[in-house]
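I have placed the structure first, in the form of structure tokens, so that the comments after it can refer back to it.
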Amino acid sequence: MTEKDVCEFVIWCKHRLDASTANKYLRFLGEVLQYAGNQSVDKVKIAKRGLLPIATPKTIQTISSENLDQLLSGLWALENDWWDTVGRSALTLYAHSGMRPSELRTAKLKDLDLSRLEIVVSNPKGKRRWSNGEEKAPIIGAAETCMREYLELRAEALRKTGQDPRAVEALFPYIAEDGTVDYWNERVWQRLKVRIEQASGIRFRWKDLRPTFAQKAKDLGAPIEAVSRCLRHTSTRTTELYYARIRSDAAFSQVRQAWEAPTVKIL
């Protein structure tokens, strides 16, 4: 692959992809070519810097306060009582812990520690990655009461199937019509979301609850370092790019206060 080919690829990306995705594809291409001893991407980065995509911060995708309040309000109901229980409890815990969709869907009962108001993330993001038991998410605010009530309903539902609630590994077990119990798979978890949307009239994505948690924490004054730690990021850069950042009105207000503050001269 020549430098001209790389330039054509960059131009193709420019017309079809956002800058962040284009940069990622260009990095992947560079790694593959380097493995084959081809330095074309590196040469283009030096000679054609103006051609390269420049990523700008994306809009953080959150659920509005109004829609989140409606989802958590209890003013909707699903026909299946167990799906209703799981849906309400999962929504509340997502919104008050910042866990990723798959992390909560595959959480184990033993992961939940209400005495410490924490939940161990036993299936963190990344294939073939194992939890060391140190990755935890907080349980904030309304989630504590919600989860205590959920555990009682969980125990009642499982006993009806002849199961010992303490012996069922899944925190959110899927109970089939024939009474068998397992984890929710991704497809059925999405079906649960669709049913909640239909019942509540609110469109949302499971994954939007994570930045919603982060942005609310930032809006309430939590330092970005604390928010980043709750999300288990290795640096605040990822947190600020995709999950939470200071809003313009808050930034303007803080700068005005600093600007208008009287200057104290020490004689």
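Each Lys or Arg adds one and each Asp or Glu takes one away; over the other residues whose Cβ falls under 11 Å from the Cβ of GLU186, this sums to +4. Need one word for segment 1-120: rounded, prolate or oblate. Basis is the Cα gyration tensor (sqrt eigenvalues a ≥ b ≥ c); a/c below 1.5 gives rounded, then a/b vs b/c decides. Taking the square roots of the gyration eigenvalues as a ≥ b ≥ c, segment 1-120 is prolate. Calculate how steeply helix 142-160 sits against the longest principal axis of the alpha-carbon atoms of the chain, using the helix alpha-carbon long axis, and give the answer as 0 to 90 degrees to the nearest 10. Roughly 50 degrees, rounded to the nearest 10.
Here segment 160-267 is assigned +1 on the Cβ of each Lys and Arg and -1 on the Cβ of each Asp and Glu. Its dipole about the Cα centre then comes out at about 400 debye. Could you give the longest part of the chain that holds none of the trypsin sites (Lys or Arg not before Pro) found in DSSP loops with at most 15 neighbouring Cβ atoms within 10 Å? The longest such stretch corresponds to 130-202.
Using the Cα gyration tensor of segment 114-251, with a ≥ b ≥ c the square roots of its eigenvalues, what is the shape: rounded (a/c below 1.5), prolate (a/b larger than b/c) or oblate (neither)?
Because a/c hits 1.5 or more and a/b exceeds b/c, segment 114-251 counts as prolate.
Basic side chains Lys and Arg get +1 at the Cβ, acidic Asp and Glu get -1 at the Cβ, and with that the dipole of segment 1-46 about its Cα centre reaches some 120 debye. Partners of LYS125 within straight-line reach, counting lysines whose Cα lies under 30 Å from its Cα and excluding those fewer than 8 residues away in the same chain: LYS14, LYS24, LYS58, LYS108, LYS110, LYS136, LYS193, LYS207, LYS216, LYS218. For the chain, adding -39500 (n - 2.57) for each run of n ≥ 4 DSSP H residues and dividing by the number of residues yields -16000 deg cm²/dmol at 222 nm. Phi angles of segment 217-223 translate, via the Karplus equation with coefficients 6.51, -1.76, 1.60 and θ = phi - 60°, into HN-Hα couplings of 4, 5, 4, 7, x, 5, x Hz per residue; Gly and Pro are given as x. Looking at the chain, identify the longest residue range that excludes and avoids all GluC sites (Glu not before Pro) in DSSP loops having at most 11 other Cβ atoms within 10 Å. Answer from the scan: 178-267.
Each value in this text was obtained by applying a stated rule to the coordinates, not by laboratory testing. On a predicted model such as this, the values are computed, not experimentally measured, just so you know. Glycine also receives a Cβ, built like all others from the backbone with ideal geometry; neighbour counts cover every protein chain displayed.
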